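The values are calculated or read from the model by the stated rules, or taken from the named source; none is laboratory data. Everything quoted here is computed from the prediction, not taken from an experiment. Every residue, glycine as well, gets a Cβ built from its backbone with ideal geometry; the counts of neighbours run over all protein chains shown.
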Amino acid sequence: MSITVRQVTKRFGAFTALNDVSLEVPPGELLALLGPSGSGKTTLLRIISGLEIPDTGSILYQDEDVTASAVRERNVGFVFQHYALFRHMTVFDNIGFGLKVRGRPKGEIRDRVMQLLRLIQLEGLERSLPSQLSGGQRQRVALARALAAEPKVLLLDEPFGALDAKVRNELRQWLRRLHDEIHVTSVFVTHDQEEAFEVADRVVIMSQGRIEQVGTPGEIFEHPATPFVMDFLGNVNVFHGHVQRGRARLGNIELAYPEYQDEKSRAATAFVRSHELEILKTKNGRPSLEARVTHVNVARSVVKVRVFADAFSIALTVDLSWDRFTELQLAPGDLVHVSPRQMRVFVQEQENS
Amino acid sequence: MANYVRAHEDPPAVRLALILSAVAIMGFVVVVPLVNVFVGAFAEGFGTYWKNLADDPDTLHSIKLTLMVAPVAVFLNLIFGLAAAWAIARFRFPGRALLTAIIDMPFAVSPVVVGLFLLLIFGRQGFLGTWLREHDIQIVFAWPGLVIATCFVTFPVIARELIPLMEELGSEEEVAAVSLGARGWQLFRLVTLPNIKWGLLYGLILCNARAMGEFGAVFVISGHIAGKTDTMPLRVEKLFQEYNMVGAYAVSSVLAMLALVTLFLKSVLEWKTRQDLAASERLRAEGGAT
Amino acid sequence: MSHVDVNRRVLPGFQLSLGYALFYVSLLVLLPIGAGVLKASSLSPAEFWAAVSSERALAAYRLTVGASVVSAAVNLVLGGLVAWVLVRYHFFGRQLLDSLVDFPFALPTAVAGLVYSNLFVENGWYGRFLVPLGIEGAYSRLGIVLVLVFIGFPFVVRTLQPVLEGLDRDVEEASACLGAGRLATFRRVTLPSITPALITGFTLAFARSLGEYGSVVFISGNMPYRTEIAPVLVVNRLEEFAYAEATAVAVVLLMISFTTLFAINLLERWSKRYHG
């Protein structure tokens, strides 16, 4: 069951939550909606589910226009951020609820619930109440409940947001494995970049009601499409400068930028990832900046060195491998040269065209 | 136990004095009157007590009338309470605050005023008086009038109990149920009702106590015709006017027992709710692994 | 961004529940009040004024309001003390005492009136001590205040209890660290925090007493100009078949009630802001 989002706009009073958003989700894909709060990702999820209605645009489930259908008719499985388990029902009744209200016979309900209990590895707990379960267990019950009626689409709203880091990690793996087994078209919302990249087939990065980029985790990481995406992915250093006549000048680093040949100079921003910066004791001919080492953080698998380039008042973070760090024998106060191996330059959009 | 007094606690002498004062206050204001009811009722022995209740046809009728009027009023108010709570606690709409304020209204309005206004509508010289007489429908000076008057005075009770309860519970479970395919009554029966059952029960008990004890509005609209339209509280007043103190006390004792049962049930319900909460807290703390 | 407004599309039953609620409220509340206003307006302004401002009526309002104020004030002290003891101290029988606080709520007002009048008459349980001292509890204004204290008692206690329970003890400890004795701490630290609740409790008890009829009828003797409260005046006018005059006074009573309700509403909103 594929999902098509076509030019959806949604406003809440004066606030535009979604601005002309379009998206295609092929059947069986596990898609992540990633972005900061206010980006519209939760609104988009709720519109896909039918819990919200768009102002303009349409939603299709496999060519069928469901925009006007109530959530009850869409047969979606929705997993709420705080689980929304029925507090007075047992785990068994919770999971079987969707089947019960659709009038399925008791035998069928029983078989399906037991099957799902095995799947979520909570056999033996069918008589427990939600208040007797841990957070991770509740989340799994919420998932089983959503899957019980064999929905065409599975939607999860920040499913692991309320859990401890360790539990979150385990459940992430578990969700991925579950999806590999069941293959329901699934969309989940998260603000955690690591989570999205680890679990999803494809990721949609959103900001302020718009889609910034759609792609596999690898694609996005290698080829970020916009400054926002670059910045959002983190671990990045920012340079401000300008482009003119085929060259980009940022700080005192100059590179060829053939994409812009105009006489008129335009503002530009360059992003360099921490591991794309090199530290050298002496200049080696490549463009570089002079900087002083201010701090060295050795407590990680990679050494994070913070340097400060006085001339331009920029603080930079450089990731070094242990070998390289030992080679350089760096200490705070040392004077070094910082050179980018790779830079991504984004030219600022012209204001008046 | 250490002998010193913690900084935020009062010294033992003060504590003792305050506790004794509180007990004294409760004693004089509440307990002594309570005891007085039963002492007065049995003042002439158990035989007279029983005679006052069972052998007096007017008293018997008043008991039957109260037992008929109160449950009807409670039932009507229950439907209203559920409807109002659902509308107010689950949705936002223009006029919501106004509706909530109107629901609070009977609380401050004198029941006599209520009875009078109902009389103005349904009374013989009232706005509907001629129409009612033509159709031979008796509302005032008959039990329908009693029901309406009782309804007015007690209708906020259940609603005021349910609205904050349902607001606190939130609509997440119900939205989840709808997403799973539940229809209107299924939703209400399977999800909402189990969650509000203690509050609802409490509202019912309180509403019943108030309904059975209502005096002012019923006084005006009943015409207080003994043997026909006297509810128990009105019967007490009638016996009082006739200087039959023991009789008045006898009927009062039944009403007082009702009040005590109400208090008892209320405590039980509160205890049950606290137990529920404590159990789930405890088990959650023991929750443990993934 | 709240999703509550979306419930209308997601949760069923909005129109049905609101429709029924409005219907019920119109029938039960708006219609009678409308009838009352209509009837009262059938009097000419002069007649209306005569009915509501006669000496007897004015005496009745003064008594009704005055007795309500006094009884609510007494309840502030008594109820405050009991609430403090119930929340702060643990002793044998505390639970029982706590349950009994609601007794005036649950007891029919007629019974309260009967009992209180019999307690304070000359040979009553209280009267035999008080009457020789010149304190006439029955068939007097004092009696009205006394029974209103009984009626309004739970209001102050139940309003104060949650507030007292929610008080931050740390603040009292800080006050002690800074050198204040218990009484000073109470006066300067605790009292200000519970003042909104005290005011609310007072107003609730006051509002309740304003309309009280059943219990007062037994204990006051209903003597015009002396112990006749406004609701009794209304009933007396009614029994004289002076419907319009009775309605006029009732409308005045209604307006006093509305004003009090409005005040309670404002207070609740103010105290919510105060407590954050």
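For this structure, a couple of remarks:
- For segment B:202-242, a residue qualifies if it is more than 21 Å from B:Leu265 (Cβ to Cβ), among the hydrophobic types (A, V, I, L, M, F, W, C) and facing chain C (nearest Cβ under 8 Å), and the qualifying residues are B:Phe215, B:Phe219, B:Val220, B:Leu234, B:Val236, B:Phe240.
- Within segment C:108-131, considering residues that are in contact with a Leu (Cβ under 7 Å, 6 or more places away or on another chain) and outside any helix (DSSP H, G or I), the one modelled with the highest pLDDT: C:Pro108
- For segment B:170-179, the candidate set comprises residues that are facing chain A (nearest Cβ under 7 Å) and not aliphatic (A, V, I, L, M); within that set, the residue that is surrounded by the most Cβ atoms within 10 Å (Cβ to Cβ) is B:Ser179.
- For segment B:137-165, the candidate set comprises residues that are polar (S, T, N, Q) and within 12 Å of chain C (Cβ to nearest Cβ); within that set, the residue that is surrounded by the most Cβ atoms within 10 Å (Cβ to Cβ) is B:Thr150.
- Any hit, segment C:53-72, residues being among the aromatic types (Phe, Trp, Tyr), under 20 Å from C:Thr203 (Cα atoms) and touching a residue at least 24 places away in the same chain (Cβ under 8 Å): yes
- Qualifying residues in segment B:108-136 (those that are within 30 Å of C:Glu268 (Cα to Cα) and within 7 Å of chain C (Cβ to nearest Cβ)) - the one farthest from the chain's Cα centre (by Cα): B:Phe117
- Any pair with Cβ under 9 angstrom, 6 or more apart, that starts in segment C:216-232 at a residue that is of a type in the set (Asp, Glu) and ends at one that is surrounded by 21 or more Cβ atoms within 10 Å (Cβ to Cβ): C:Glu228/C:Ala60; C:Glu228/C:Leu63; C:Glu228/C:Ser220
- Restricting segment A:54-90 to residues that are within 11 Å of another protein chain (Cβ to nearest Cβ), within 19 Å of A:Leu18 (Cβ to Cβ) and at pLDDT 90 or above, the residue that is nearest to the chain's Cα centre (by Cα): A:Phe78
- Candidate set: segment C:225-276, residues that are over 30 Å from C:Pro196 (Cα atoms) and basic (Lys, Arg); chosen: the one modelled with the lowest pLDDT: C:Arg226
- Condition check for A:Gly57 on (1) touching a Leu at 6+ places or on another chain (Cβ under 6 Å); (2) over 30 Å from B:Asp276 (Cα atoms): one failure, at (1).
- Residues of segment A:171-191 that turn out to be under 14 Å from the mean Cα position of the chain (by Cα) and either of a type in the set (Asp, Glu) or not in a helix (DSSP H, G or I) (or both), as a count: 5
- Of all residues in segment B:140-185, those that are under 30 Å from A:Ser49 (Cβ atoms) and part of a loop (DSSP other than H, G, I, E, B) total 6.
- Some residue of segment B:42-50 being touching a residue at least 40 places away in the same chain (Cβ under 8 Å) and in contact with a Ser or Thr (Cβ under 6 Å, 6 or more places away or on another chain): no
- Taken over segment B:228-267, the criterion of being assigned to a loop (DSSP other than H, G, I, E, B) and over 22 Å from B:Cys151 (Cα atoms) is satisfied by B:Glu242, B:Tyr243, B:Asn244.
- Of the residues making up segment C:106-163, those that are more than 9 Å from chain B (Cβ to nearest Cβ) and over 24 Å from the mean Cα position of the chain (by Cα) are C:Val121, C:Glu122, C:Asn123, C:Gly127, C:Arg128, C:Phe129, C:Leu130, C:Val131, C:Pro132, C:Leu133, C:Gly134, C:Ile135.
- Close pairs (8 angstrom Cβ cut-off, 6 or more residues apart or separate chains): free of Cβ contacts under 8 Å to residues at least 12 places away in the same chain in segment A:253-270, in a loop (DSSP other than H, G, I, E, B) anywhere: A:Ala256/A:Gly246
- Test: residue in segment A:274-288 that is assigned to a loop (DSSP other than H, G, I, E, B), surrounded by fewer than 16 Cβ atoms within 10 Å (Cβ to Cβ) and without any contact (Cβ under 8 Å) to a residue 12 or more places away in the chain: yes
- Residue match in segment A:297-315 (condition: surrounded by 16 or more Cβ atoms within 10 Å (Cβ to Cβ), touching a helix residue (DSSP H, G or I) at 6+ places or on another chain (Cβ under 7 Å) and modelled with pLDDT under 85): no
- Of the candidates A:Asp111, A:Asp93, the single residue that is of a type in the set (Asp, Glu) and within 11 Å of another protein chain (Cβ to nearest Cβ) is A:Asp93.
- Here C:Arg269, C:Arg208 are screened, and the one residue that is out of contact with any His (no Cβ under 8 Å at 6 or more places or on another chain), within 9 Å of chain B (Cβ to nearest Cβ) and basic (Lys, Arg) is C:Arg208.
- Helices (runs of 4 or more DSSP H) completely within segment C:1-104 that count 3 or more residues being aromatic (Phe, Trp, Tyr) and within 11 Å of another protein chain (Cβ to nearest Cβ): C:14-25
- Residues in segment B:251-281 that are modelled with pLDDT under 80, surrounded by 12 or more Cβ atoms within 10 Å (Cβ to Cβ) and out of contact with any Lys or Arg (no Cβ under 9 Å at 6 or more places or on another chain): B:Thr273, B:Asp276, B:Ala279.
- The residue that is farthest from B:Val254 (Cα to Cα), among those in segment B:180-201 that are among the aliphatic types (A, V, I, L, M) and more than 10 Å from chain C (Cβ to nearest Cβ), is B:Leu180.
- Filtering segment C:84-117 to residues that are closer than 23 Å to B:Glu237 by Cα and either surrounded by fewer than 21 Cβ atoms within 10 Å (Cβ to Cβ) or touching a Cys at 6+ places or on another chain (Cβ under 6 Å) (or both) leaves only C:Phe105.
- Some residue of segment A:21-37 being within 12 Å of chain C (Cβ to nearest Cβ) and surrounded by 15 or more Cβ atoms within 10 Å (Cβ to Cβ): no
- Subset of segment A:151-168 (residues that are charged (D, E, K, R) and either in contact (Cβ under 8 Å) with a residue 60 or more places away in the chain or away from chain B (no Cβ under 12 Å) (or both)): A:Lys152, A:Asp157, A:Glu158
- Any chance B:Phe93 is within 11 Å of chain C (Cβ to nearest Cβ), over 21 Å from the mean Cα position of the chain (by Cα), over 28 Å from C:Val65 (Cα atoms) and aromatic (Phe, Trp, Tyr): yes
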